[in-house]
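Peer 1: Handing you a structure now.
Every number in this text was worked out from the coordinates using simple rules, so none of it is lab data. Given the structure is predicted, the values throughout are model-derived calculations rather than measurements. Note: ideal-geometry Cβ built from the backbone for every residue, glycine included; neighbour counts use all protein chains shown.
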Amino acid sequence: MSQVVYVSQVKIEREKGPLRFAYLPAESRPTAFGVHGAIAEHYGVGPEVSEPHATTIDYVIAAAGG
């Protein structure tokens, strides 16, 4: 059986509404996650609630494509 070679230590903090900050290994600043465009519209989130930020699915797609 293989041994585990890495366990990611990530911390998520919810700021307000859909805005969350992820504290990721090897990054000096937190990464903002939120909603934008059609996703914000779908959930009824206007700019008065939260400024636009990339969604978690945006990061998943970028990671898969990278």
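Peer 1: Mean residue ellipticity at 222 nm from the helices of the chain, using -39,500 (n - 2.57) per DSSP H segment of n ≥ 4 over the full residue count, to the nearest 500 deg cm²/dmol?
Peer 2: Numbers: 2 runs with 17 residues, N = 66.
Mean residue ellipticity, 222 nm, calculated: -7000 deg cm²/dmol.
Peer 1: Show me 24-30, 5-11, 53-59 ranked by packing, highest mean number of other Cβ atoms within 10 Å first.
Peer 2: Working: 24-30: 9.3, 5-11: 7.0, 53-59: 14.4.
Result, highest mean first: 53-59, 24-30, 5-11.
Peer 1: Among Val4, Val45, which comes first, second and so on when ranked by fewest other beta-carbon atoms within 10 Å? Display every interim value, and only then the final one.
Peer 2: Details: Val4 5, Val45 18.
So the residues, fewest neighbours to most, are Val4, Val45.
Peer 1: Could you state the angle between the C-alpha long axis of helix 56-65 and the longest principal axis of the C-alpha atoms of the chain, as a value from 0 to 90 degrees rounded to the nearest 10?
Peer 2: That helix lies at roughly 50 degrees to the long axis.
Peer 1: Suppose a student asked you for the relative contact order of the chain, using Cα pairs under 8 Å spaced at least 6 residues apart; what percent would you report?
Peer 2: 23
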